[in-house]
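Below you'll find the structure, written out as structure tokens, and then a few comments.
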Amino acid sequence: MDFVQLLNELKMSSDSDVKVFASSYGVNLTTSEIRALRPLLDEVSFHWIFTGIPEVFIKKVRIAIGDRKAEQLLQMYFDARQ
């Protein structure tokens, strides 16, 4: 599954399906956190793979799910880039 397909799948998936998906990667999100993150999916850009995630977006993620979980997601992103 490519990046765009993954984003579209996450947008259309139920909260419980997203929770299971995130959990399979070791990220335990609550339903309220998923709902807070969902609108941010529309802001995600494929270009970030090359340019990095803008700090303003990272701040939105931190607000949505807290610093600890945001750091966990960012670390997964950085690990995947290597």
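The values are calculated or read from the model by the stated rules, or taken from the named source; none is laboratory data. Only a predicted model underlies this, so the values are computations on that prediction, with no experimental measurement involved. Note that each Cβ is placed from the backbone with ideal geometry, even for glycine, and that neighbours are counted across all protein chains shown. Ligands, DNA and RNA are excluded from the accessible area calculation, which covers all protein heavy atoms including side chains. Shrake-Rupley method; radii C 1.70, N 1.55, O 1.52, S 1.80 Å.
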Selection from region 35-59 of residues that are over 11 Å from the mean Cα position of the chain (by Cα), surrounded by 13 or more Cβ atoms within 10 Å (Cβ to Cβ) and part of a helix (DSSP H, G or I): ARG35, TRP48
Number of the exception - PHE21 against (1) open to solvent by less than 70 Å² (accessible area, probe 1.4 Å); (2) under 12 Å from the mean Cα position of the chain (by Cα); (3) among the aromatic types (Phe, Trp, Tyr): (1)
Would you confirm, using the coordinates I've provided, whether ALA22 is out of contact with any helix residue (DSSP H, G or I) (no Cβ under 6 Å at 6 or more places or on another chain) and in a helix (DSSP H, G or I)? yes
